[in-house]
Every structure is written in C-alpha cells, then in structure tokens.
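Nothing in this text is a laboratory measurement; each read-out follows from the coordinates by a stated rule. A quick note: this is a predicted structure, and the numbers were derived from the prediction, not measured. Glycine also receives a Cβ, built like all others from the backbone with ideal geometry; neighbour counts cover every protein chain displayed.
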Amino acid sequence: MARSHDRETGSQAPASGNEAGLETLLNAPAVEGVASPGKWRHDPLSDVLRTVKLTGALFFEVDAAAPWGVDVPRADRIAPLVLPGAQHVVSYDIVLQGSGWVRMAGMAPVRFESGDILVFPHAEPYSLLSAPDQQPEFDFDATVAFLRDMAAGKLPYTVREGGNGPERTQFICGYLGCDMRPFNPLLSTLPRFIRVKRSCLGPEDLLNRLIALTLAESRIRRFGGHAIGLGLSELIFVEVLRRHLETLPDGQRGWLAGLRDPAVARVLGLLHSEPARQWSLNELAQEAGLSRAVLAERFAHFVGYPPMRYLTRWRMQVAARQIADRRLNIAAAAHEVGYESEAAFSRAFKRVTGKTPALWRDEVRGTG
C-alpha cells in the first residue's frame, strides 16, 4: 500500500580552446543577492531543472536594420523543428546592440535595449519589432519556414534582415526544451514575459561571460562546438532565472519566490532531497521552525499547494522521467519515489496525470 504521507491533503558552436577564459568562468564569484543552497539540505532549483530535462535547442544571431520585425508563433509550432519530442519550448532573446519592442496580445508594447534578455516561458506568440506599430517582415508562417531552414543547417549562424536604415539591432534567438507534464513547478509560476537587464560589471559578470563565450564559440568551427553552444544556452537560462529571482518584488507568489522564504526554501530542500521518505507535516513544520498551520499556509501561499500535495506531484514527475528515460520499470519507479505497491502508485499517478503509468510510458516512447 502507499505510505501514509503519500496521500494528497486538501489543506551551434565550437570550443574556442580559451582555457584561461573557461577557468575564469568556473571560478567566477557567486552573484550577489542569490541565496545559497548551502543553507538547505538540497538545491531545489537544480533538481527541478534536471528532472524536467532542460535541454538546449536551436540558437542563432540576428543582425537587423530598421525597419524590421518578426512574428514568433506559438512554440508548439516551433517545437517539431527546433527540438522534436520536447513537451514544451521556451523562447529567449539576448539583445547585444540597439533597441526594439516586444508586442504580445493583451499587453502594451514593451521597449527593450542593449543588454536586455527577454524570456517567453509559456509558448505564447509574440513579435519583435523596430517600432511598436511596425508591420513584421516575417509573419508566423515565414518564421516557421525560416526556422525549418535554420534547423536543417541551410542558413548561416548570423542572419541579416530588415531595411536600409542606420539603426541596427543585434540579438541572439534561442530555444530551450523541457517537460511540462506531469509537474513542472517552476515554469508554471513564471510570468508571461521576463525582461532581465545584464549587469554593468562588464566581463567580470557571470552572465556577460556566458554570453561572450557563446558568441566566441559560434564563430569558430570545431568538432563538438554544437554541443558546447547548446550547453551554454542552458547555463544562460539558469543564470537568467537567478537574476529574475533576485529582482522579484516583495509579496510575489510562486515557486521561485518561495526560494526566498527561509521556511519554504528549507521544506522544498527537504522534500527534494528525499522524495521517498515518509515525511509528515509535523516533521516538516519542526524542521522549518513553524507550526503545522503556519507552514501549510505559507507553503501554499508561495508554491500553490500544501506540502504533502506538492510532494505527491513532485514524486509523479520524478517517476515519469525515470519511466520515460527507460531507467526503471513501473514497479521500480514506484518504489523509488516511496510507494510499496505498484497499484497504489498507479492510482496516485492517474489522479495527478489522468493516465496510468503504462499509458504514459507508451505515449512518451511512441509505442501507444
């Protein structure tokens, strides 16, 4: 049978060979203001990013002269091109020079400038434009055709677009794949649009170093460069998330904001460090130094679920990833996340996902 605490409660680019640059990057100091997971037993952010299988996909550079504009369609149209098989695709843009505008439905146009990083977590369509009322040079269908050619290697890393105006805007376009099902607590609480300003610290800043390495790697053709470039794009995204965490306003809700609350961060660290353990609300409250009622309320305020319900959902994500990757069969995955009975695990899995583990396995492996 399932252990008692498992019940939900309602309460392209090659290596540069610059060893000195890489050594400097690896020895970069921690970003000021980012909480250290050393205060907890575990690093929940790293755990989530690993378990939802964050994967770098296509990225390239755009050199645009005014007037210019591009419509970026919903990511479900892009995913088969940039990362086939990905459940979800996140779009991001790194502005290297110049300025422009972001336009999204239901939102006033937002101006961006050199040094900004723009992230679109929820696969929504958007436009990048030289002026807020600019008609795009590439509509949705043209962008899909462009990305198809880019993914097939028919286009150079740096592409030029727009008119003959003197104002130029250069930016990197990137895509990342990840799981959204059965449970991605991070992306589900991110806003529609994130704008992060790069530090003015120049080359001493970690994010600036990562971007500089990405550009350097893209301009040298060596074996293994594609893998390095995609790995760097993943690191950039993680660092952007940390910068976003730093700048969240007081009172902000969401899983990421919960990492700034000592008690919630402590409990998240515990649950992620030992998801199969027979946790009780009493034990978690003692670890957090709070009463049961206060912990349940504070945890749900930030994360959206009480601790035990969150734990059940996170277990399903861990098990789903193990099943999808063929690392474990269903019975072994059930035991790995704290269930003594495959039947009890299957009931919990279907309650969270709407599907049995066997059906989930067959669908993700393409055998259903």
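Solvent-free Debye calculation, one equal scatterer per alpha-carbon of the chain: log10 I(q)/I(0) at 0.09, 0.15 Å⁻¹ equals -0.57, -1.34. Within the stretch 328-358, the GluC sites (Glu not before Pro) that combine a DSSP coil assignment with at most 14 other C-beta atoms in a 10 angstrom radius are Glu340.
In whole percent, what relative contact order does the stretch 19-247 give with Cα contacts below 8 Å and a gap of six or more residues? Before the final figure, lay out the partial values.
Values: 407 pairs, mean separation 69.8, N = 229.
Computed value for the stretch 19-247: 30 percent relative contact order.
At q = 0.25 Å⁻¹ the log10 of I(q)/I(0) for the stretch 126-191 amounts to -1.22, computed by Debye summation with a single uniform scatterer per C-alpha, solvent ignored.
Taking N as the number of residues in the stretch 249-368, what value does Rg over Cα atoms divided by 2.2 N^0.38 Å take? List each step's numbers first, then the result.
On the way: Rg = 15.8 Å, N = 120, 2.2 N^0.38 = 13.6 Å.
Normalised Cα radius of gyration, the stretch 249-368: 1.16.
For the stretch 270-326, relative contact order (Cα pairs under 8 Å, six or more residues apart, normalised by length) works out to 31 percent. Considering only Leu210, Ala131, Val62, and ranking their Cα positions along the charge dipole of the stretch 19-247 that arises from unit charges at the beta-carbon of Lys, Arg, Asp and Glu, the one farthest toward the positive end is Leu210. Counting every C-alpha pair in the stretch 178-314, the share spaced more than 26 angstrom apart comes to 40%.
Based on every Cα atom in the stretch 146-248, Rg and the maximum pairwise Cα distance Dmax equal 16.1, 48 Å. I need the fraction of alpha carbon pairs in the stretch 322-368 separated by more than 14 Å, rounded to a whole percent. Of all Cα-Cα pairs in the stretch 322-368, 46 percent lie more than 14 Å apart. Based on Cα contacts under 8 Å between residues 6+ apart, the stretch 209-368 shows a relative contact order of 16 percent.
Using a simple spin-label model with pseudo-atoms 7 Å out from Cα toward Cβ, Ser46 and Glu246 lie 1.9 nm apart. Each of Asn282, Ala257, Ile94 was placed along the dipole of the chain (beta-carbon charges, centred on the mean Cα), and the one lying farthest toward the positive end is Asn282.
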